[in-house]
Amino acid sequence: MHILTEKCISSTLLYRFMRCLLFHAKHFHTEVVGLAKRPKGITPEKVNKQIEDAIDAIVVFVTVEKGDNAEKCSSVCVKDVSNFTEEVGVSTVVLCPFAHLSHALADSKTALETLDQIDLKLREAQLKVHRVHFGSDKSLLLDIYGHGENVRFREY
């Protein structure tokens, strides 16, 4: 059971949390098809890799919200993801920015800083990380396992 142990947000946004949707995936595939024009003010990062593909991985869709604390939220998120990888016996993680879990999004700079923190900490935990492009429209294939612990939703 997930228990929120740390406050990861500023006191001005009492009900906003970084949100993550985690899947144990048989196969994940995504391809950048264009740069996003929404939400207003988005600043896409440079496209270094057009396609990401992973087999037997934990896929983490991450939504960073206004007021999220990158250091605290990333630390708690990485603990959850690491626990999930251990439970299902995988060492590959796909980190996928996903603006669709909130309507109170952080600005691009804050979101990227948070994603960078998560990425770094996952690598420090000796996990293989696939980083999906931030700020693009993408095609997506997600084939998830059917076991009882294959999907998790978290707020940090």
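No value in this document is a laboratory result; all are computed from the given coordinates. Owing to the predicted nature of the structure, the values given are computational and were not obtained by experimental measurement. We place every Cβ from the backbone using ideal geometry, glycine too, and count neighbours over all the protein chains shown.
Out of the DSSP beta bridges found with both residues in region 17-154, what percent are antiparallel (nearest 5)?
Given both bridge residues lie in region 17-154, the antiparallel proportion sits at roughly 75 percent.
Ser139 label point, 7 Å along Cα→Cβ, cut-off 11 Å on backbone N: hits in region 26-41?
30-33
Considering amide H positions built from the backbone, and no H for Pro or chain starts, which residues 5 or more places from Lys138, or on another chain, come under 5 Å of its amide H?
Val33
How would you order 85-92, 66-73 from highest to lowest mean count of nearby Cβ atoms within 10 Å?
So the order, starting with the most tightly packed, is 66-73, 85-92.
Any idea what the dipole of the chain comes to, in debye rounded to 20, about its Cα centre with Lys/Arg Cβ at +1 and Asp/Glu Cβ at -1? Spell out each step's value before the answer.
Details: 20 positive and 21 negative charges, 94 e Å.
Dipole magnitude for the chain comes out near 460 debye.
Under the Karplus relation 6.51 cos²θ - 1.76 cosθ + 1.60, θ = phi - 60°, what is the ordered set of whole-Hz ³J(HN,Hα) values for region 148-153, x standing for Gly and Pro?
Each residue's phi maps through the Karplus curve to give x, 10, 7, 9, 9, 10 Hz.
How much length, in nm to one decimal, is gained on full extension between Lys66 and Lys128, taken as 0.36 nm per residue of separation minus their Cα-Cα distance? Intermediate results must be reported in sequence, preceding the final value.
On the way: separation 62, 0.36 × 62 = 22.32 nm, distance 2.85 nm.
Result: 19.5 nm gained on full extension.
Kirkwood Rh, region 19-155, all Cα pairs: how many Å?
Values: mean 1/r = 0.0669 Å⁻¹.
Every distinct Cα pair counted, the radius reaches 14.9 Å.
So which chymotrypsin sites (Phe, Trp or Tyr not before Pro) in region 14-99 end up in coil per DSSP with only 15 or fewer other C-beta atoms within 10 Å? Walk me through the intermediate numbers first.
Values: sites: Tyr15, Phe17, Phe23, Phe28, Phe61, Phe84, Phe98; in loops: Tyr15, Phe17, Phe98.
Here the chymotrypsin sites (Phe, Trp or Tyr not before Pro) that fit, given the DSSP loop and packing criteria, are Tyr15.
Quick one: how many lysine pairs in the chain have C-alpha atoms under 18 angstrom apart, if they're 8 or more apart or on different chains?
Number of lysine pairs found: 19.
By the scheme Lys and Arg +1, Asp and Glu -1, what is the net charge of all other residues having a beta-carbon under 14 Å from that of Gly41?
Working: positive: Lys37, Arg38, Lys40, Lys66, Lys109; negative: Asp107.
Its environment carries a net charge of +4.
So between Asn150 and Ser91, what do we pick up on full extension, going 0.36 nm a residue minus the alpha carbon distance? Each step should come with its number before you reach the end.
On the way: separation 59, 0.36 × 59 = 21.24 nm, distance 1.52 nm.
Gain on extension, Asn150 to Ser91, equals 19.7 nm.
Once amide H atoms are placed 1.01 Å from N in the peptide plane, what residues at a sequence separation of 5 or more from Glu65, or on another chain, have their amide H within under 5 Å of its amide H?
Residues meeting the criterion, in which the H sits 1.01 Å from N, are Met18, Arg19, Ala106.
Neighbour counts of other C-beta atoms within 10 Å: give me Leu127, Leu122 arranged from fewest to most.
Working: Leu127 20, Leu122 23.
The order, fewest Cβ neighbours first, is Leu127, Leu122.
Show me, for region 138-143, the HN-Hα J-couplings you get by feeding each phi into the Karplus relation (A = 6.51, B = -1.76, C = 1.60, θ = phi - 60°), rounded to Hz, glycine and proline as x.
For region 138-143, the Karplus-derived couplings read 9, 7, 8, 10, 9, 10 Hz, x marking Gly and Pro.
Apply the Karplus curve 6.51 cos²θ - 1.76 cosθ + 1.60, θ = phi - 60°, to the phi angles in region 67-84 and return the couplings in whole Hz, x for Gly and Pro.
These are the phi-based 3J(HN,Hα) values: x, 5, 9, 4, 5, 5, 5, 5, 4, 5, 4, 5, 4, 5, 5, 4, 4, 4 Hz.
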